[in-house]
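What follows is a single structure, written as structure tokens, with notes after it.
We did not get these values from a lab; they are worked out from the coordinates using the rules stated. Owing to the predicted nature of the structure, the values given are computational and were not obtained by experimental measurement. Methodologically, a virtual Cβ is constructed for each residue, glycine included, from the backbone with ideal geometry; neighbour enumeration extends over all protein chains shown.
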Amino acid sequence: MANYKYHILICGGTGCHASQSAQIKINFEQLIVEKNLVDDVQIVETGCFGFCEKGPIVKMLPDNTFYTQVKPEDCKEIIEEHIIKGRKVERLLYLDPKSQEHKADSKHMGFYKKQLRIALRNCGFINPENIDEYIARDGYKALATVLEQNDPQATIDIIKKSGLRGRGGGGFPTGLKWEICSKNNADQKYMICNADEGDPGAFMDRSILEGDPHTIIEAMAIGGFCIGATKGLIYIRAEYPLAIHRLRVALDQAREYGLLGKNLFGTDFDFEIELRYGAGAFVCGEETALIHSMEGLRGEPTFKPPFPAQEGYLKKPSNVNNVETFANIPVIINKGWEWFSSIGTEKSKGTKVFALAGQINNVGLIEVPMGITLREVIYEIGGGIKGGKKFKAVQTGGPSGGCLTEKFLDTPIDYDNLIAAGSMMGSGGMIVMDETSCMVSVAKFYLEFTVEESCGKCSPCRIGNKRLHEILERITQGKGTMEDLDSLRNLAQVIKDTALCGLGQTSPNPVLSTIDNFWDEYVAHVVDHKCPAGQCKALKKYIIDPEKCIGCTACARVCPTNAITGTVKMPHEINQELCIKCGSCYEKCKFNAISIK
Amino acid sequence: MEKIKSLADLKKKREDLQSNLKLRELGDNVDNLIQVKVAMATCGIASGAKQVMEVIINECNKRNLPVVVTQTGCMGYCYAEPTVEVKKPGQEAVVFGYITPAKAEELVNKYLAGNELLDGIIPVNYEKIDNK
Amino acid sequence: MDTIKLNIDNREVEVEKGTTILKAAQKLGIDIPTLCHFELNGLNVHNKPGGCRICVVEVVKDFNGRPRRNLAPACVTECVPDMVVRTNSIRVINSRKTVLELILSDHPNDCLQCAKSGSCELQNLAIRLGVREIPYKGEQSSYSMEVSPSIVRDMNKCVMCRRCETVCNEYQSVGALSAINRGFPAVVSTAFDQHLTESSCVFCGQCVAVCPVGALTEVDHTNRLIRDIANPNKKVVVQVAPAVRVALGEEFGMKPGSIVTGKLTAALKQLGFDYVFDTDWSADLTIMEEGTELIGRLTKYLAGDKSVKIPLMTSCCPAWVNFFEKQFPQLREYPSSAKSPQEMFGAIVKSYFADKINTKREDMICVSVMPCLAKKFECERDEFKTNGNPEVDYSISTRELARLIKISNIDFNNLEDVAFDSPLGESTGAAVIFGATGGVMEAAVRTAYEVITGKTLPKIDFTELRGLEGVREATVHVQDGLDLKLAVVYGLSNARKMLEQIERGESPYHAIEVMACPGGCIDGGGQPYHHGDADIVKARWEAIYQADKNMPIRKSHENPSIQAIYKEFLGEPCSHKSHELLHTTYFDRKKSIENE
């Protein structure tokens, strides 16, 4: 076994893959052969480091140098300078925007300082396609311990005491969920992992599955033992081919070592896991719809009760948990429930992985202890608003959540506080918006998504959401009325009250949240026919300044609707009725005579 | 492929594999570790610095010392090769010259494990960007 | 049985564990409106998706002592001890009305022209909840209308109640209909939205029977009939099925289960038919043919011939014939080769009777009044045409007849009873029980017994063959060495079970009767809408057996008119002439994706 002196870790998450991190790995491998360093340098592809804004990431060990935005062409320099000559490649180091200093160690970066990686503990550290590295880092120890203790209720009690709550959005206490299922007797039970991750822009679960698939396998086996299930099912969306590949490799490796299959760790506990693929439906992230999809039926939810714990997959007691929830289980067993419950707030223990996106400098994946404030997340970890613009709102919970405004910046983030603020934790999407975001358009964007993804079974969601969307469309087109604003509120409330499943029950949240927090913006659209943020195209007015216009007719000639009139050398005029706001005249005018209001 | 059939099996496997990841575990904590740099430019290699580096690494592993060993380019003390720079947390870096493999062992046992300095210390005569 | 006490609208009620809020409320006389919910008690049809959200109620105190966050659907929510429910708080009324307004906002606003106007459950809801405007106007679904031989599909009216899907998949196991698309464009349709005739549809018409709105209705032949009756150059003959006479009265406000045979015949006469005959007559004929066939097969079988197809299965239900041709064509030698009474009638009318009245076949129009929609499809079968001229030109349903009677200003309730015409109008009690599940089997046994034993039946009522369970079996002791093992099923999912059993070589029966519709033809796709009230179907069922009791002759082979037709024309049952006119063959109409 080679005694490596250096490890080069390359981020192998989908984001960095898209920026050629696979090529970077190949280049490094070739170079170390060329330079005779094969026994000295280990090249490792790991999971997501989280700092996606600065990817592709390459981390040099043992000196812990964090290189950002690495290109395949940079590999030669890194090997020659860093490995051979021991000199860091300055230009690839992270430049702190405030201090303008290079930070080589990620621990000193604003992005990482306040993070606490528990669910992501192995991502960016181990090679996810090598079970040995997982084992070296205490992998499968929790499962062995649980099986050796052979007391399902005791393990359930540990999870209960830890305070772990479902990370998929519902926030239901995990230990309690396991306990309920364990009490229902049947000849076969199922442990199901919800890896559908349908929220647009969310990639927390993807990163965990790509970077540390074994943790899910181990956790499912532990859960299976606790509830009495010998079969596990992972429902993963087909749009995650890399995660599927890594899971398949991990499952095979676990089976080879006897960590999956019959008589695990010499006990009489059997556990096997099967993969099932989604087919592009957000609604199949709802647990009953997910179960029906796996049964080969139309992916529609059914009313609860009966809950899956009583009648789930194939009508047998089943327990559905989210990927991130599972990722916390092995470490709770290994480090103890007291340790876990010492992190976070009183009712929300542990950490949460968020996908930080939007108009923020440091876009990426972060894991923070519950109780951290939004201000810390946005300004310290996130590095503040891009371009120095003003913060307007942050959307949490994806299409099921709401907007949090400036007055919530110092609210500690946890399940209950977010709900009290009119939003919800959701699965962890966090979209930051600045003054150029139109909140009506934001609500409309989310409605577009839920209208497309509604299964169509129940009337309020199928028809109600469509009507909500149509009203929002009218408002953004400048054709809304004050009655429309009342309609929005009433309709949104009824849909929330009567929809059959979580999708319909939460889809009006963006509307209600934005209309409550940004009422003036809605009124401006309706009464003044103006979009204060300047985003709604139909409400933009292109106006020619007669003082500046010299009548060159250049704009009139490019106008696709012949909306510009005027004689040569005389100031021209734009007919607002005909104008389709394409902006061609604005682009064409060399005299800055056209302005957008 | 040997199957893992008990917690004891798992523990044994883990021990075997932990050394592979040691480098990364250390990397997480670099600031609190002793950083050792072995000059590995042409004169260094010519005078056997590669072997010196191996000795240092092995000895440190044997004694489980919290040390991070890397190679570096020419430090400039070509007359005293092989040279080794040792920076303990919170202390200034010290450069040792004329480190043979035998002396390397001594360096580990005396200075890295304990606090005893060796002969042959080279005074630092230039500043590096890192320390700014 | 455990009971639960709960409080609905400030009133206490005690119910069995597992009862839904809807049923508990009904016990208190509280009528919570529903739309998608459909339950035909005792007849194996249940639809409970909990999707329309019309029946939502407020649960002020739930199992955990706290109020439920959202409104709950009463039709599927089970009562819990000490539950407190409000069915008419302002929150509930506002929500219910808004949900209805939403449904109406995606529904064509053409009540006055809709085939379901007057018996539409959505219309009734709008009336009941006092809808005066549709506040949420927007895009509406636009599918094209589709016409097949029996069923008209206008999916713009679909409210996604899923009743048709449930009936087609669970009750019939045909699987022609299912929800397609997602979200707003979601609708119930065929696979790949193909034409109904291309799908596995058997035209049983149960989807039409359960559809609450005008999305699924029957093909309407009334205008064609009015034109044909008005045509002086055509002789128009009508035959009426047994199940029609115990249900038609409902369309005129009469009590369910009223036997209106006499008024029915009078109305048909007044409508202007040249001859008013009775399908019951040809039902007797069917018993002669099929009974003889059964005895023939049995004799061979009991003598040791293992190649003969036993059990014999009835073949008068056209939806059932479609079913086995499309899904089990390999077993198509088991059903009887006898045609259905409708088609036997047509064959006799256009040959024997046309000659008798000196009319050319092409100048004769034979129309049937059926409780069934599959009969419309049956008329169009190529094998039931001679030189392109159909034996039965077309079939109208009980509902269409009622409309025709109303269009013609006939005061049905005050008509004086009139008898059927001769010679094809005389029938027996054995014929009229064809309308109920088990009736065909009982009629066959009444005749077979006497033919085989040569003795008179000790008792005429074979009550062991009667009932409303979906699968019934009975053993009839005919004579020493002959105990007939019989099965009676309704619902094609039960027929499937019988066929699969035959395929495995495990069928213990000598004969099986199959009907597609719940309880038999009495709940056919063309009967007056019962909107889920199983008592109506039960009343019709009882009326059938009462009608049987009322008949002077109750065994098919004793029908003088039937005896005459054999003497004069056919010779004997299963003779060469009988085979030519009264028997048919079946086809392999299985569709598979590989073949296309």
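Structure notes:
- The listed peptides A:284-291, A:5-12, C:571-578, ordered by packing as a protection proxy, come out as A:284-291, A:5-12, C:571-578 (highest mean of other Cβ atoms within 10 Å first).
- Between the stretch C:315-344 and the stretch B:1-66, the alpha-carbon center distance in angstrom: 82 Å
- Ratio of Rg to Rh over the stretch A:393-491 (Cα coordinates, Kirkwood Rh, two decimals): 0.99
- Computed E for C:Asp355/C:Ile460 - FRET, C-beta separation, R0 45 angstrom, nearest 0.05: 0.80
- Which listed pairs, of A:Lys76/B:Lys62; A:Lys479/C:Lys137; B:Lys13/B:Lys110, have C-alpha distances above 24 Å, in listed order: A:Lys76/B:Lys62; B:Lys13/B:Lys110
- Peptide-level mean, for C:91-101, of C-beta atoms on other protein chains within 10 Å: 4
- For a label point 7 Å along the Cα-to-beta-carbon line of C:Asp305, residues of the stretch C:449-492 with backbone N under 18 Å: C:452
- Counts of other chain beta carbons within 10 angstrom of each beta carbon in peptide A:256-266 average 4.
- Placing a pseudo-label 7 Å from each Cα along the Cα-to-Cβ vector at A:Lys389 and C:His531 gives an inter-label distance of 5.7 nm.
- The shape of chain C can be summarised by an equivalent ellipsoid whose semi-axes, obtained from the alpha carbon gyration tensor, come to 43, 28, 23 Å from longest to shortest.
- Distant-in-sequence amide H partners of A:Glu45 (H built 1.01 Å from N, under 5 Å): A:Ile10
- Helix A:465-476 vs. chain A, principal-axis angle (Cα, 0 to 90°, nearest 10): 40 degrees
- The ranking of B:Cys78, A:Cys458 from fewest to most other beta carbons within 10 Å of each one's beta carbon is B:Cys78, A:Cys458.
- The alpha carbons of the stretch B:33-122 give a radius of gyration and a Dmax of 11.5, 33 Å, in that order.
- Rg and Dmax [Cα atoms of the stretch C:205-298; Å; Rg one decimal, Dmax integer]: 17.2, 50
- Relative contact order, whole percent, for chain C stands at 16, derived from Cα pairs under 8 Å and 6 or more residues apart.
- Full extension of the chain segment joining C:Glu383 with C:Glu469 gains 27.6 nm, where the gain is 0.36 nm per residue of separation less the Cα-Cα distance.
- Pairwise centroid distance, computed over Cα atoms, of the stretch A:83-139 with the stretch A:473-519, Å: 43 Å
- The amide H of A:Lys352, built 1.01 Å from its N in the peptide plane, has A:Val368, A:Met370 as neighbours under 5 Å, considering only residues 5 or more places off or on other chains.
- Computed E for A:Ser595/A:Glu406 - FRET, C-beta separation, R0 41 angstrom, nearest 0.05: 0.90
- Net charge in the neighbourhood of A:Leu116 (other residues with Cβ under 11 Å of its Cβ; Lys, Arg +1, Asp, Glu -1) is +4.
- Its relative contact order, with pairs defined as Cα atoms under 8 Å and 6+ residues apart, puts the stretch C:102-218 at 30 percent.
- Neighbour counts of other Cβ atoms within 10 Å put C:Met515, C:Met155 in the fewest-to-most order C:Met155, C:Met515.
- Average 1/r across all pairs of distinct alpha carbons in the stretch C:36-87, invert it, and you get the Kirkwood radius: 12.0 Å.
- In the stretch A:433-469, chymotrypsin sites (Phe, Trp or Tyr not before Pro) in a DSSP loop with at most 14 other beta-carbon atoms within 10 Å: none
- Under 14 Å, Cβ to Cβ, from C:Gly571 - net charge with Lys/Arg +1 and Asp/Glu -1: -2
- Among C:Thr447, B:Thr100, a tally of other beta-carbon atoms within 10 Å of each Cβ gives an order, fewest to most, of B:Thr100, C:Thr447.
- The simple spin-label model puts a point 7 Å past each Cα toward its Cβ; for A:Lys85 and C:Asn231 those points are separated by 10.3 nm.
- With a threshold of 20 Å on the Cα-Cα distance, the over-threshold entries among C:Lys157/C:Lys538; A:Lys98/A:Lys386; A:Lys98/A:Lys390 are C:Lys157/C:Lys538.
- Cα-projected label distance for A:Trp519 with A:Asp545, points at 7 Å along beta-carbon direction, nm: 3.7 nm
- Relative contact order of the stretch A:6-108, taken over Cα pairs closer than 8 Å and 6 or more residues apart, is 29 percent.
- Antiparallel bridge percentage (DSSP; both residues within the protein assembly as shown; nearest 5): 60 percent
- Fraction of C-alpha pairs exceeding 39 angstrom in chain A: 37 percent, rounded to a whole number.
- Rounded to the nearest 0.05, the FRET efficiency derived from the C-beta distance between A:Lys114 and A:Asp157 at R0 = 35 Å is 0.65.
- All-pairs alpha carbon distance profile, the stretch C:443-550, 5 Å steps from 0, percent: 2, 10, 19, 20, 18, 15, 10, 5, 1, 0
- Debye-sum result for the stretch A:541-596 in log10 I(q)/I(0), which assumes one identical scatterer on each alpha carbon, at q = 0.21, 0.22 Å⁻¹: -0.64, -0.71
- Candidates A:Asn130, A:Met425, C:Val219 compared by Cα position along the dipole of the protein assembly as shown: farthest toward the positive end lies A:Met425, with charges placed on Cβ.
- Anisotropy class of the stretch A:131-340 from Cα gyration tensor, a/c 1.5 cut: rounded
- Taking the DSSP bridge list for chain C and keeping only pairs wholly inside it, about 60 percent are antiparallel.
- For the stretch A:439-526, a simple Cβ point-charge model (Lys and Arg +1, Asp and Glu -1, everything else neutral) yields a dipole of about 300 debye relative to the Cα centre.
- Rg(Cα)/(2.2 N^0.38 Å) for the protein assembly as shown, N = residue count: 1.21
- Legend: mean number of C-beta atoms from other chains within 10 angstrom of residue C-beta atoms, peptide A:81-88, equals 5.
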